[in-house]
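We did not get these values from a lab; they are worked out from the coordinates using the rules stated. Just so you know, these numbers come straight off a predicted model, no measurement behind them. Here the Cβ is made from the backbone with ideal geometry for all residues, glycine too, and neighbour counts use every protein chain on show.
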Amino acid sequence: MHCTVPEAEEILDREYPVLDHGFIRLVDYLGSDQRIVQAARVSYGEGTKTYRQDKGLINYLMRNDHTSPFEQVVFTFHVKMPIFVARQWTRHRTARMNEISGRYSVMKDEVYIPAAKDIAMQSEDNKQGRKSEPVPPEMAEAVIAVMKEDGERAFENYHRLLDMGIAREIARIDLPLSLYTEFYWEIDLHNLFHFLALRLDAHAQYEIREYAKVMLEIVRRVCPIATEAFENHKLGGRSFSAREVNALREMLKGNECPLERREREIFEEKLR
């Protein structure tokens, strides 16, 4: 049976702005919460039951990692983002994508310039991230000025090469990582939830988290029950190793935590 969700139909092709020039659009979707429960019950020859029973089944599937029914729901997005975000995005190889090509198209004069509040020094305890505190306003202003100057110079030279008749595939070579790109991205719900779990994590880069936040709300319009189950069991949940489970047992007995220092730090972070 074809699934149509009125809340999702309302937002089809609507642009949700992200960062300074980016966006996300839901182009199409296949399936809904109803498709998930239909797929799960096909083995028993049972159809959709009450809302409460469907919600209980979806939570059971999510909690116990029965993933195939979630793969029955598929989303197609049109996204626009800086190239450095896209390079992180495409590490998720469980989706299909088709990206704009600088060999065929003249790229738009658009680069990402972070807001002053999002400019920070290198973190001392996180080799791949920034500190949570922004730099002083005068330093942020200087950083933004440098980035704008570099972007303007890159596009000035890009168009100079094009005006000379140089091939687009060569002229694009010196364009920066802050350049915006666009692509269509198709992915099933199970793998989309995995993407969101990683990219909504506090350790993910700020810019890709902003896209993930918007995408989560779009998915909620299509599959509200599944999204709630994902937030409860996966996004807001934590898994524990065998040693951590043993540590929990000991602590519940009133004993000291038996983990080594680094293990204990990770364990306590999960508990927090």
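Rank-order 6-12, 107-113 by packing density, defined as the average count of other C-beta atoms within 10 Å over each peptide's residues, highest first.
Averaged packing, sorted descending, gives the order 107-113, 6-12.
Of A140, A212, A86, which has the largest mean-square fluctuation in a 10 Å C-alpha GNM of the chain?
The residue with the greatest mean-square fluctuation here is A140.
Please arrange C257, C3 by how many other C-beta atoms lie within 10 Å of their C-beta, fewest to most.
Fewest-to-most Cβ neighbours within 10 Å comes out as C257, C3.
When every alpha-carbon pair in segment 113-177 is counted, what percent end up more than 18 Å apart?
So the portion of pairs separated by more than 18 Å is 53 percent.
Which distance in nm do the two modelled labels at Q53 and R264 give, with both placed 7 Å along the Cα-to-Cβ direction?
5.1
Using a Gaussian network model of the chain whose springs link C-alpha atoms within less than 10 Å, name the residue from K131, K80, K213 with the highest mean-square fluctuation.
Per the Cα network of the chain with a 10 Å cutoff, K131 tops the list.
Given H placed on each backbone N at 1.01 Å, which residues far from T181 in sequence or on other chains put an amide H within less than 5 Å of it?
Correct list: M81, I83.
For V27 and D163, FRET efficiency with R0 = 25 Å and r from the beta-carbon atoms, rounded to 0.05?
For R0 = 25 Å, the calculated efficiency reads 0.10.
Pop out the ³J(HN,Hα) list for segment 158-163 in order, Karplus 6.51 cos²θ - 1.76 cosθ + 1.60 with θ = phi - 60°, rounded to Hz; leave Gly and Pro as x.
4, 6, 4, 5, 4, 5
Got the relative contact order for segment 113-177 handy, in percent, Cα pairs under 8 Å and 6 or more residues apart?
Over segment 113-177, the number comes to 25 percent.
Where the centre of each part is set by its Cα atoms, how far does segment 105-165 sit from segment 194-221, in angstrom?
22
Figure the gain on full extension for D20 and K108 (residue separation times 0.36 nm, minus the Cα-Cα span) and round it to one decimal in nm.
Full extension of this stretch gives 30.3 nm more.
Helix 51-63: angle to the longest alpha-carbon principal axis of the chain, degrees 0 to 90, nearest 10?
So the inclination is approximately 70 degrees.
Within segment 198-217, name every residue whose backbone N is under 19 Å away from a label modeled 7 Å from Cα of R130 along the Cβ vector.
Backbone N within reach: 199-214.
Taking the chain as a Gaussian network, Cα atoms linked when under 10 Å apart, which of L196, L61, L252 shows the biggest mean-square fluctuation?
Result: L252 has the largest fluctuation of those listed.
Taking just the C-alpha trace of segment 32-178, give me its Rg and Dmax in Å.
Values for segment 32-178 (Cα only, Rg and Dmax): 23.7, 68 Å.
Could you please tell me the mean projected area of the C-alpha convex hull for segment 1-99, averaged over all directions and given in square nanometres to one decimal?
Across all orientations, segment 1-99 yields a mean hull projection of 8.1 nm².
What list of ³J(HN,Hα) couplings, whole Hz, do you get for segment 34-40 from phi and the Karplus terms 6.51, -1.76, 1.60, once you set θ to phi - 60° and write x for glycine and proline?
My calculation for segment 34-40 gives 4, 5, 4, 6, 4, 5, 5 Hz in order.
For segment 140-152, just list the computed ³J(HN,Hα) in residue order, Karplus coefficients 6.51, -1.76 and 1.60, θ = phi - 60°, integers in Hz, with x standing in for Gly and Pro.
Karplus-based 3J(HN,Hα) across segment 140-152 equals 4, 4, 5, 5, 4, 4, 4, 5, 5, 4, 5, x, 5 Hz.
If I take the Cα coordinates of the chain and project them onto the principal axes, what are the three extents in Å, biggest first?
Computed over the Cα atoms, the extents are 69, 55, 28 Å.
For D65, project a label point 7 Å along Cα to C-beta. Then give me every residue of segment 172-190 with its amide nitrogen under 16 Å of that point.
What the label zone holds, given the 16 Å backbone N cut-off, is 190.
How far apart, in nanometres, would the label points at I170 and M251 be if each is projected 7 angstrom from Cα along the Cα-to-Cβ direction?
Calculated label separation equals 6.3 nm.
Just grab the label-to-label distance for E9 and L177, each label 7 Å out from Cα along the Cβ direction, in nm (one decimal).
About 4.4 nm, to one decimal.
Can you give the extra length, in nm with one decimal, that the chain gains between E141 and R93 once fully stretched, where that is 0.36 nm per residue apart less the Cα-Cα distance?
The E141-R93 span can extend by a further 13.5 nm.
Run lengths n ≥ 4 of DSSP H only: what is the helix-derived mean residue ellipticity at 222 nm for the chain, with -39500 (n - 2.57) per run over all residues, to the nearest 500?
Taken over the chain, the calculation gives -13500 deg cm²/dmol.
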